[in-house]
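Laboratory data are not the source of any read-out in this text; all were calculated from the coordinates shown. Treat the numbers as computed from the prediction; the structure is a model and nothing was measured. All Cβ positions, glycine included, derive from the backbone under ideal geometry; neighbour counts span all protein chains shown.
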Amino acid sequence: MPAPIICPRRVVEREWIDYNGHMNVAYYGLVFDQALDHVLDGLGIGTAYVRERQCSLFTVETHVHFISELAEGDPLRVEYRLLDWDDKRLHSFGEMYHATQNYLAATSEQLSLHIAMAARKAVAFPDDVERRIGAAIRDHLRLPWPGRAGKVVGIPAAKSRSAEWRLRDHG
């Protein structure tokens, strides 16, 4: 798999536009999720894998950064890279670009868990899947670590109003 993985292009649809006149946050999730499906299919752990092996990947955590607005009709390009994996989890990072103006519109970091569908419980990847992920991730690890990966949601303590309220009320 190339590093990064270029997913099929999309166009911002009219029904994705919210009352602020730009793409609604829910549709960023949709576009990233469908692009990740493309990545999983390429790794051999997508739609056919679910049918044939009765296992799938479930997203257990996601973190989206909204960077620049997108409007109706804007062409989109999503690129994914694999950041890490262990025996049951896959850590991935997507970047959404305006496909012709090439500005970064959003990023999505995801942690996915390998699930046995019948039991609905986490299970280890089979050996062949481990080998495919390992082979694919090798080139991805040569890319620079994305600056937005691993960030925590929150207000820095120095700017937090809650910290002073907590001190006053409980100090």
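Kirkwood Rh and Cα-based Rg: tell me the resulting Rg over Rh for the range 1-41, rounded to two decimals. The Rg/Rh ratio comes out at 1.07.
Taking label points 7 Å from Cα along the Cα-to-Cβ direction, residue 141 and residue 100 give a separation of 4.0 nm. Translational diffusion of the range 5-170 was estimated from the Stokes-Einstein equation, with Rh taken as the Kirkwood radius over Cα pairs; at 37 °C and 0.692 mPa s the coefficient is 186 µm²/s. Note on residue 118/residue 149: beta-carbon distance plugged into 1/(1 + (r/R0)^6) with R0 of 35 Å gives a FRET efficiency of 0.60. Distances between placed amide hydrogens fall under 5 Å for residue 3 paired with no residue 5 or more residues away or on another chain.
Quick one: putting +1 on the C-beta of Lys and Arg, -1 on the C-beta of Asp and Glu, what dipole do you get for the range 5-170 around its Cα centre, in Debye to the nearest 20?
The calculated dipole for the range 5-170 is roughly 400 debye.
Taking Cβ atoms as reference points and 10 Å as the exclusive limit, the residues near residue 65 contribute a net charge of 0, counting Lys and Arg as +1 and Asp and Glu as -1.
What's the local net charge at residue 16, with K and R +1, D and E -1, over the other residues with C-beta under 13 Å away?
Net charge in that neighbourhood comes out at -4.
The equivalent ellipsoid of the range 80-164 has semi-axes of 30, 21, 13 Å, largest first, where each one is the square root of 5 times an eigenvalue of the Cα gyration tensor. Computed from the C-beta positions of residue 54 and residue 26, the FRET efficiency with R₀ = 35 Å rounds to 0.75.
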